[in-house]
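Contents: one structure, followed by commentary.
Each value in this text was obtained by applying a stated rule to the coordinates, not by laboratory testing. The structure displayed is predicted, hence computed values, not measured ones. Because the Cβ atoms are built from the backbone with ideal geometry, glycine has one as well, and the counts that use them run over all protein chains shown.
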Amino acid sequence: MSGLNKTDYLIRALSDKPIINIASGTQILVELKRQGNNLNQAIKHCYFGRTTEKELQSAVAECKKTYADLHAAIGGT
């Protein structure tokens with residue numbers, strides 16, 4: 001259920017590292033990758049003067065929201 005292979009699971013269990021199972025982890029990871037790509041593209045375009053500050057701030061806000069979703073999914077407040 002943790003998504004870890006047996007070796008990694010045992011290493012974490014024996015070293016008292018937390019083993020976290022996130023039900024929506026795959027969807028959150030896909031979204032984080034998508035948002036990271038959007039942010040990279042916005043910054044790249046910014047260097048060439050093709051992205052406005054508003055577009056860049058929007059990409060940053062989307063990344064922050066996704067990280068907040070991830071934080072909430074792992075039990076953060």
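Length gained on full extension, D16 to V60, computed as 0.36 nm times the residue gap minus the Cα-Cα distance: 12.4 nm.
Neighbours of T26 by Cβ distance under 15 Å: Lys/Arg scored +1, Asp/Glu scored -1, total 0.
The order of the peptides 7-13, 48-54, 26-32 by mean Cβ neighbours within 10 Å, most packed first, is 26-32, 7-13, 48-54.
Filter K17/K54; K44/K65; K6/K44 down to the pairs with a C-alpha to C-alpha distance above 32 Å, please.
Beyond 32 Å between Cα atoms: K17/K54; K6/K44.
Residues in segment 9-16 carry Karplus couplings, in order, of 4, 5, 4, 5, 5, 6, 9, 6 Hz; the curve used is 6.51 cos²θ - 1.76 cosθ + 1.60 with θ = phi - 60°, and Gly or Pro positions show x.
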